[in-house]
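Have a look at the structure below before the remarks.
Throughout, read-outs are computed from the coordinates displayed, never taken from laboratory work. Keep in mind that this is a model prediction, so the values were computed, not measured. Virtual Cβ from ideal backbone geometry, glycine too; neighbours counted across all protein chains shown.
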Amino acid sequence: MTKVSVIISSTREGRFGDQPANWFHSRLAKRPNVTAKLLDLRDFPMPFFDQMMPPAAPGRPAYSNEVVQRWTAEIAEADAFVIITAEYNFGPPAVLKNAIDWVSAEWNRKPVGFVSYGSSAGVRSVQQLREAAVELQMAPIRSAVHLPRGTIMAYFTGGDVPAALANSDGDAEKMIDDLLWWAAALTSARRAAGLED
């Protein structure tokens, strides 16, 4: 089974992010041999990173914060990720970048795809996240879902959100196809290198 974690990155009151997260999660769950899991950053209230040694430092002891430990374990368990991200002031939410920065090796050599919304459909947020993913030795896939303004406006004006999201079904399926291809390839490569059981 391929384990894909869908990360809801906005934690603010009245957020839109859980709408596309649930939509995308349900599409993933229909795929054979896929276990899809929602990871909501509201459930992982980590402090802003303040440690002397960064996660990638050789010989670094495990961090003592229990929430960070749970978060790290979730990242280690997944074979691939889908990040649902807003765009705030030309970039991703600070809480998401913080969650990314608390972990290092557990992200390595795994694919990540993006579903975005907000200013410019979130494309600038995704661009910054792609660069961070490369630094973490992840494989950010080319396919993405950039939700149009009408989709988020349907949520805030009481419109038909499921119908609006359905307009992006084709983009979602393309992204899932690519994500699962990369997940299979990279899982096989990690096993061949002795990095995984």
Where in segment 74-101 is the amide nitrogen less than 18 Å from a point lying 7 Å along the Cα-to-Cβ axis of Arg149? 86-91
Mind listing P(r) for the chain? All alpha-carbon pairs, 10 Å bins, whole percents. 9, 37, 37, 15, 3, 0
Say a site is exposed when it is one of the chymotrypsin sites (Phe, Trp or Tyr not before Pro), sits in a DSSP loop, and has at most 12 other Cβ atoms within 10 Å; what is then the longest site-free stretch of the chain? 91-197
Could you check the simple spin-label distance between Arg191 and Asp178, using points 7 Å along Cα→Cβ, in nm with one decimal? 2.5 nm
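Would you work out the charge dipole size for the chain about its Cα centre, treating the Cβ of every Lys and Arg as +1 and the Cβ of every Asp and Glu as -1, and quote it to the nearest 20 debye?
240 debye
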Go through segment 127-172 and name the trypsin sites (Lys or Arg not before Pro) that are in a DSSP coil and have 14 or fewer other Cβ atoms within 10 Å of their Cβ. Arg142
Starting from the Kirkwood radius over alpha-carbon pairs of segment 1-95, derive D by Stokes-Einstein at 4 °C in a medium of 1.567 mPa s and give it in µm² s⁻¹. 87 µm²/s
Relative contact order of segment 45-109 (C-alpha contacts under 8 Å, at least 6 apart) in percent is 49 percent
More than 16 Å apart: what percent of Cα pairs in segment 70-137 qualify? 44 percent
Once you place label points 7 Å from the Cα toward the Cβ at Ala76 and Asn108, how far apart are they in nm? 1.4 nm
